[in-house]
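Reviewing the structure listed below.
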Amino acid sequence: MAVKLAVIYYSSTGANYKMASHAAETARQAGAEVRLVRVKETAPPEAIAQNPAWQAHYDAAQDVPIASLDDIVWADAIIFSSPTRFGNTASQMQAFLDTAGGIWFRGETMNKVVSVMSSAQNMHGGQEATVLSMYRTMYHWGAIVVAPGYTDKAIAEAGGNPYGTTATVDGEGNVPDSVLPAVAHQTKRVLDVASWIKAGKG
């Protein structure tokens, strides 16, 4: 039985969209049933318009479905991807996570396999802190965190973050080529663990 994977991302200029899209495509090629969804933009239009790259990506992403709590309930596994904001999760992503109290209370976040990716515009921009801050929510959910660790050379080649793939990106949403193999490895690792759990529950 195929693993159901939700890839839930927020992206302003497009970097996390590219990482999430690569994760989704990797999972589809591996036989998973995939939903690629974006967290709703909450920034005011005038803020978006001040950054041409942000506006361009916002316009280009309109065909991507908006994430809902149903995507979490539906999924066996979830990969989240969020940019870093001052060493923390982007407010748009955090606002989405903060709406999950109802499904958490009903036990519908329990035993989901989860993993996180992130980005920032410099090497020490808080990517690790962002990934770890999102995992705190997952621990409260009773989810099963699957980090990449140092389980493949692609992790070191992408910068060596064992908590989740992170990218150092520019302001135009470009992701270094070295990051994509790490995204693929993290995705496959999530699918492997989710398939073991799904088979055991079955």
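Annotations
- Spherically averaged projected area of the convex hull of Cα atoms, the range 34-143: 7.2 nm².
- Descending semi-axes in Å of the chain, equivalent ellipsoid built from Cα gyration tensor: 25, 20, 16
- Cα-projected label distance for Ala60 with Ala95, points at 7 Å along beta-carbon direction, nm: 2.3
- A 1.4 Å probe run over the chain, with the rest of the protein chains in place, finds 47 Å² accessible per residue.
- Tilt relative to the chain, helix 179-201 - C-alpha long axis, 0 to 90 degrees, to 10: 30
- Percent carbon-and-sulfur accessible area, the range 84-159, ignoring ligands, DNA and RNA, probe 1.4 Å: 56
- For the chain, the longest principal axis of the alpha carbon atoms and the long axis of helix 15-29 meet at an angle near 30°.
- For the chain, the relative contact order is 24 percent, taking Cα pairs closer than 8 Å that sit 6 or more residues apart in sequence and dividing their mean separation by the residue count.
- Summed side-chain charge close to Gln92 - residues other than Gln92 whose Cβ falls under 13 Å, Lys, Arg +1, Asp, Glu -1: +1
- Cα centroid separation, the range 106-185 to the range 13-52 (Å): 15
- Added length on full extension, which subtracts the Cα-Cα distance from 0.36 nm per residue, Met1 to Arg136: 45.6 nm
- Each Cα pair under 8 Å and six or more residues apart adds its separation to the average, and for the range 131-202 the resulting relative contact order is 26 percent.
- Among the protein heavy atoms of the range 1-49, carbon and sulfur supply 52% of the accessible surface, probe 1.4 Å, non-protein parts ignored.
- Net charge of neighbours whose Cβ lies under 15 Å from the Cβ of Ala2, counting Lys and Arg as +1 and Asp and Glu as -1: +3
- Highest-fluctuation residue, Gln50, Gln94, Gln121 considered, GNM on the chain with Cα pairs under 10 Å: Gln50
- Packing-based ranking of 18-29, 172-183, 57-68 yields 18-29, 172-183, 57-68, ordered from highest to lowest mean Cβ neighbour count within 10 Å.
- Other residues with beta-carbon under 13 Å from the beta-carbon of Leu69 carry, at +1 per Lys or Arg and -1 per Asp or Glu, a net charge of 0.
- The number of Lys pairs in the chain with C-alpha atoms less than 23 Å apart, excluding pairs fewer than 8 positions apart on the same chain, is 16.
The values are calculated or read from the model by the stated rules, or taken from the named source; none is laboratory data. Remember, it's a predicted structure, so these values are computed and weren't measured experimentally. Because the Cβ atoms are built from the backbone with ideal geometry, glycine has one as well, and the counts that use them run over all protein chains shown. Heads up: the accessible areas ignore ligands, DNA and RNA and are worked out on the full protein's heavy atoms, side chains in. Shrake-Rupley method; radii C 1.70, N 1.55, O 1.52, S 1.80 Å.
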